[in-house]
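Reviewing the structure listed below.
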Amino acid sequence: MNKTENPLKKLIDSNIYTRYSGILSLSDISLFLVDTDGEILLEFIPSPDFCTHVCQERGGQICQDYRCRFKAGEEGSFVCRHGLENILFPINVQDETVGYIAGMQVYLQDTEYQKYMIDVQSLKNDKSPELEFIAKSISSLKTVETNKIKVHEQLCAHIAKNISLDLSEIVSHADPDVARLSIEKEILEKKIIDLEAKNMSLVINPHFLFNTLNCIARIAYFEHSHTTEELIYCLSDLLRYNLKQDDQLHTIGSEIDNIEKYLHIQKVRFKNRLEYEIDVPDNIKTYRIPNMVIQPIVENALIHGITPKRDGGKISIFAEKYNNEIVISIMDNGNGFPKDVLENIKHSENKSGLGFRSTDKRLKQYYGEQYGLEIVKSDYSGSTVTITIPTQPIGR
């Protein structure tokens, strides 16, 4: 493949950043796309000033610590000369590396001391910034937890693999392997959507969290604070359910139980300003649905519908079976979604619409494009959002 025809630049022209904006919201650590000559083609998440203005040999070119690894064909994590953690994943097309997904540029908690050992004076030369700027850029380098770095590595690996598949399709339209690559690409996209729906940045050990909550609940029991005890157990169950990763399809009944605990906690918080009603027939509760698809809708009804109203309001959840479909409706009598939020949900991938968009994508990935979420109504009399799934399981 001729380097002057590097397909990476064609991919950038196709608005690649928008495509990955949802999953990129899971991290705030640097991540960028670079070609094999060391030119930074796109910064998904910008590098720190120290790396950009001090370490890079010239504008738009990655530092030597990365470039030497390009030549050696290395990939994975490495530590640069200043002790920063870095990552490098190749983008391969037809057995040839055309670029890399790279980034991170942070310290671990155990290695943070190394940034205080950097000789600022030795970094100053005729072309580099002033000493004061260098010192400030060093002090602003991030220190992150090990598990956050692992999450970032996983994101980088998914994006690198997905871009490789995209490029393979671009340069191999007539190749019989395109169908296979499309399947692999679809699988990767499902994994990315699942990552968006999970709290991958949890830094507290779940066992420690649950043990602590149960301990507090026992104290509340002995102090005869039964409302507090009940709330703590509800919160513990809610968190435990939200952290489940063993089975991606749960029964509608278990989803509803989880929502009841969530609304019970909110009811204690809002008192008379919140009422709720749940009516889901037992024969519908046995059907299975991706976990955590109802909760984001209920939460948005509370935030955008009920909370702004002085007198509060009511959230109603009910489900019905129509022929070969199940329709779950979440209704509120609040103020409706603000216009800007409604537009974000319908037309963008930014943070305010992320819960709706990622949930809708997950449902479509499981069941097909004709299923998913629909905002049936949203005005000053309230909002209605429906979740539609088939009664018969469809292969993923």
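The values are calculated or read from the model by the stated rules, or taken from the named source; none is laboratory data. Everything quoted here is computed from the prediction, not taken from an experiment. No Cβ is skipped: glycine too gets one built from the backbone with ideal geometry, and neighbour counts run over all protein chains shown. For the accessible areas, the whole protein counts, side chains as well, though only heavy atoms, and no ligand, DNA or RNA atoms are used. Shrake-Rupley method; radii C 1.70, N 1.55, O 1.52, S 1.80 Å.
Rounded to whole Hz and in sequence order, give me ³J(HN,Hα) for the stretch 36-46 from the Karplus expression 6.51 cos²θ - 1.76 cosθ + 1.60, θ = phi - 60°, writing x for Gly and Pro.
Each residue's phi maps through the Karplus curve to give 6, 8, x, 7, 7, 8, 7, 9, 5, 10, x Hz.
List the pair-distance distribution P(r) of the stretch 266-347, using every Cα-Cα distance, as the percent of pairs falling in each 5 Å bin from 0 up to the bin containing the longest distance, rounded to whole percents.
Over the stretch 266-347, the share of Cα pairs per 5 Å bin runs 3, 12, 22, 21, 17, 14, 8, 2, 0 percent.
Name the residues whose placed amide hydrogens come within less than 5 Å of the amide hydrogen of E325, ignoring near sequence neighbours (fewer than 5 apart) on the same chain.
Amide H neighbours of E325: T391.
R0 = 45 Å: FRET efficiency of R81 with I303, Cβ-based, nearest 0.05?
My answer for the efficiency is 0.45.
How long is the gain from E325 to Q64 if the chain were fully straight, where each residue apart is worth 0.36 nm and the alpha carbon distance is subtracted?
In short, 88.2 nm is gained.
At 1.4 Å probe size, what's the solvent-accessible area of D279? Round to the nearest 10 Å².
Near enough 90 Å² of accessible area.
So which trypsin sites (Lys or Arg not before Pro) in the stretch 244-295 are both in a DSSP loop and have at most 15 other Cβ atoms within 10 Å of their Cβ?
Counting only loop positions with at most 15 other Cβ atoms within 10 Å, the trypsin sites (Lys or Arg not before Pro) in the stretch 244-295 are K244.
Any chance you could run the full-extension gain for D379 through K136? It's 0.36 nm times the residue separation minus the Cα-Cα distance, nm to one decimal.
Residue separation times 0.36 nm, minus the Cα-Cα distance, leaves 82.5 nm.
How big is the C-alpha Rg of the stretch 75-126 next to the rule-of-thumb value 2.2 N^0.38 Å, as a ratio?
Numbers: Rg = 15.1 Å, N = 52, 2.2 N^0.38 = 9.9 Å.
Normalised by 2.2 N^0.38 Å, the Cα Rg of the stretch 75-126 equals 1.53.
Once you put a point 7 Å from the Cα of E96 and another 7 Å from the Cα of F270, both along the Cβ direction, what distance in nm separates them?
5.9 nm
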